[in-house]
Amino acid sequence: MRKRHLAGAAAAAIALPLTLALPAQSHGFINLPPSRAALCGAGVVTNCGDIQWEPQSVEGPKGFPTRGPADGTICAGADARWAPLDAPRNGTWPTTAVTAGQQLTFTWNIEARHATTTFKYYLTKPGYDATQKITRANLDLTPFLTVNYNGRQPAATTTHTGTLPTGRTGHQVILAVWEIADTNNSFYSCTDVKF
């Protein structure tokens with residue numbers, strides 16, 4: 001009996017630090033095509049700060065584009081901990097090759113399946129300068145893809161497919177906004193692509 005009690009206590013002692021080591025606010029991010037958070041989390045891009053351990057945690061105020069993160073802080077969800085996601089890095093973020101008008105599938109890894117209003121996908125405007133931070137002025141504020149959830153929870157692996165707009169060349173950025181139904185927040189994800 002004593003051995004069983006000690007084994008249980010030992011397991012609990014090991015489990016507690018592991019539980020405390022997990023992020024308190026685990027949620028979700030775009031894994032494919034790789035978002036900036038995914039690239040940092042995988043170690044493909046370095047000097048990312050804490051986001052390398054929490055790519056799923058880019059949460060900020062909802063209501064984009066009329067409200068939400070201030071210009072220049074959009075990719076980080078206005079959270080200073082994730083500020084490296086807003087840094088343009090002189091336009092050197094790795095890109096995914098795309099073609100105007102093609103179908104593109106976005107795959108989210110979702111760790112906390114929140115009741116959801118929508119997922120919306122925006123693209124930078126023609127002539128976007130990849131050495132600049134993302135602002136509303138350099139985004140087309142009409143989403144090229146909107147997926148309504150009406151309060152449903154997304155799956156742990158969620159995919160959405162949309163048609164990329166035409167009239168883009170070079171390095172562009174896709175901003176995805178996952179709006180949560182039952183909180184005041186959304187999750188923000190920036191993915192760099194090259195037409």
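The values are calculated or read from the model by the stated rules, or taken from the named source; none is laboratory data. Everything numeric in this text was worked out from a predicted model, so none of it was measured. Cβ placement follows ideal geometry from the backbone for every residue including glycine, while neighbour counts extend to all protein chains displayed.
Tabulated data
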read-out: Residues that are assigned to a loop (DSSP other than H, G, I, E, B) and either surrounded by fewer than 13 Cβ atoms within 10 Å (Cβ to Cβ) or at pLDDT below 95 (or both), drawn from the stretch 129-139; value: Asp129, Thr131
read-out: Qualifying residues in the stretch 149-195 (those that are polar (S, T, N, Q) and part of a loop (DSSP other than H, G, I, E, B)) - the one surrounded by the most Cβ atoms within 10 Å (Cβ to Cβ); value: Gln153
read-out: Answer from Pro94, Pro69, Pro126 - the residue that is closer than 23 Å to Phe195 by Cβ, in a loop (DSSP other than H, G, I, E, B) and under 16 Å from the mean Cα position of the chain (by Cα); value: Pro94
read-out: Lone qualifier among Thr142, Thr118, Thr105, Thr146 - being in a strand (DSSP E or B) and in contact with an Asp or Glu (Cβ under 6 Å, 6 or more places away or on another chain); value: Thr118
read-out: Cross-chain or 6+ apart pairs with Cβ under 8 Å, the stretch 116-143 first and closer than 18 Å to Thr161 by Cβ, then aliphatic (A, V, I, L, M) and surrounded by fewer than 14 Cβ atoms within 10 Å (Cβ to Cβ); value: Tyr122/Leu141
read-out: Output for the stretch 165-183, where each listed residue is within 18 Å of the chain's Cα centre (by Cα) and farther than 19 Å from Trp82 by Cα; value: Gln172, Ile180, Ala181, Thr183
read-out: All positions within the stretch 94-132 that are more than 13 Å from Gly170 (Cβ to Cβ) and among the small types (Gly, Ala, Ser); value: Gly101, Ala112, Ala115
read-out: Every residue from the stretch 97-111 that is surrounded by 14 or more Cβ atoms within 10 Å (Cβ to Cβ) and within 19 Å of Val177 (Cα to Cα); value: Leu104, Phe106, Thr107, Trp108, Asn109, Ile110, Glu111
read-out: Flag for Pro126 being of a type outside the set (D, E, K, R), modelled with pLDDT of 95 or more and either at positive phi or buried (at least 17 other Cβ atoms within 10 Å of the Cβ) (or both); value: no
